[in-house]
Amino acid sequence: MGVSTSRPDKGVALVTVDFPPVNALPVQGWYDLADAVRAAGRDPEVRCVVLAAAGRGFNAGVDIKEIQRDPGHGALLGANRGCAEAFAAVYDCEVPVVAAVQGFCLGGGIGLVGNADAIVASEDAVFGLPELDRGALGAATHLARLVPPHLMRALYYTSRTATAAELHAHGSVWRVVPRAELAGAALGLAAEIAQKDGSLIRLAKAAINGIDPVDVRRSYRFEQGFTFEANLSGAADRIRDTFGKGQDA
């Protein structure tokens, strides 16, 4: 359990997240993920990073039960800072990051894939931000990188999900494959990228980040301020107290 890194192919680092049962990450998990992605990107032998997850889903966001157990705001602050660190690590990784997504990709998972350079998804993958149902706000910044603006708003306000096929139609998912083929498809794309010159691929990543029209780090931190407001007002606690009853997340 935790975050691990392996080298399945020349020039490719595979960072795998494994937090059963649903990959809802605790505070330390987000920091561990950030450290693993940054370390892989700094390695001069690595030219592409694949971000994957074990289990039935890619990511279910933050561990809400950890926040509920904390009588103060330490866990909430830790989760928000940890998410910001992990999202930034993916975005700022010195080499391209390919996200391999299966099952559910929710909440913080959207922050990860929205900051990745390419997404390969299994046919059963669904993407969404159930934040309003969980007493939180945030990652609309990243959902807006996956779908058009009005669809982003509708998905955000309703907490509905979009399928991998729908995101493929919008051009944000590179390929949709059967789950059994997900690892091979993601690693295949990474291997193709890893064939490029190491110095040039790093320059390319920096150049593409430099022309982004939105500063994703500042935009996301702006959103997080409203999460703090929701907590101070008591609205977040009212919603979180109804979450997870009868669930294993």
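Each value in this text was obtained by applying a stated rule to the coordinates, not by laboratory testing. Being a predicted model, the structure only gives us computed values, none of them experimental. Quick reminder, even Gly has a Cβ in these numbers, built from the backbone with ideal geometry, and neighbours come from all protein chains shown.
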>> Sort 145-155, 104-114 by the packing proxy (mean of other Cβ within 10 Å over each peptide's residues), most packed first.
In response: 104-114, 145-155
> Cα convex hull of segment 1-127: how many Å³ per residue?
Replying inline: 86
> If amide H atoms are built 1.01 Å from N in the plane of the peptide, which residues on other chains or at least 5 residues away come under 5 Å of the amide H of Ala24?
Replying inline: Ala60
> Using θ = phi - 60° and the Karplus form 6.51 cos²θ - 1.76 cosθ + 1.60, what ³J(HN,Hα) does each residue of segment 19-31 get, whole Hz, x for Gly and Pro?
Replying inline: 10, x, x, 10, 6, 8, 7, x, 3, 4, x, 5, 5
>> Given Cβ point charges of +1 (Lys, Arg) and -1 (Asp, Glu) and nothing else, what value in debye, to the nearest 20, does the dipole of the chain about its Cα centre take?
In response: 180
> What residues have an amide H closer than 5 Å to that of Val126, excluding those fewer than 5 places away on the same chain, when H is modeled at 1.01 Å from N in the peptide plane?
Replying inline: Gly103, Phe104, Cys105
> Per-residue HN-Hα couplings for segment 160-165, Karplus 6.51 cos²θ - 1.76 cosθ + 1.60 at θ = phi - 60°, whole Hz, x for Gly and Pro?
Replying inline: 6, 10, 10, 7, 4, 5
> If you plug each phi of segment 174-186 into the Karplus form 6.51 cos²θ - 1.76 cosθ + 1.60 with θ = phi - 60°, what whole-Hz ³J(HN,Hα) values come out, in order, with x for Gly and Pro?
Replying inline: 5, 9, 10, 9, x, 4, 5, 9, 4, 4, x, 5, 5
> If you line up the Cα atoms of the chain on their principal axes, what length do they span on each, largest first, in Å?
Replying inline: 52, 37, 32
> Check Val147: other-chain or 5+ apart residues with amide H under 5 Å from its amide H, H built from backbone geometry?
Replying inline: none
>> Please enumerate, by chain and number, the aspartates and glutamates with C-alpha under 15 Å from the C-alpha of Lys10, excluding those fewer than 8 residues away in the same chain.
In response: Asp43, Glu45, Glu192, Asp197
> What nm distance separates the two modelled labels at Gln68 and Val214, each placed 7 Å from Cα along Cα→Cβ?
Replying inline: 3.1
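How would segment 175-225 be classified by its alpha-carbon gyration tensor: rounded, prolate or oblate, with rounded meaning a/c under 1.5 and the a/b versus b/c comparison settling the rest?
oblate
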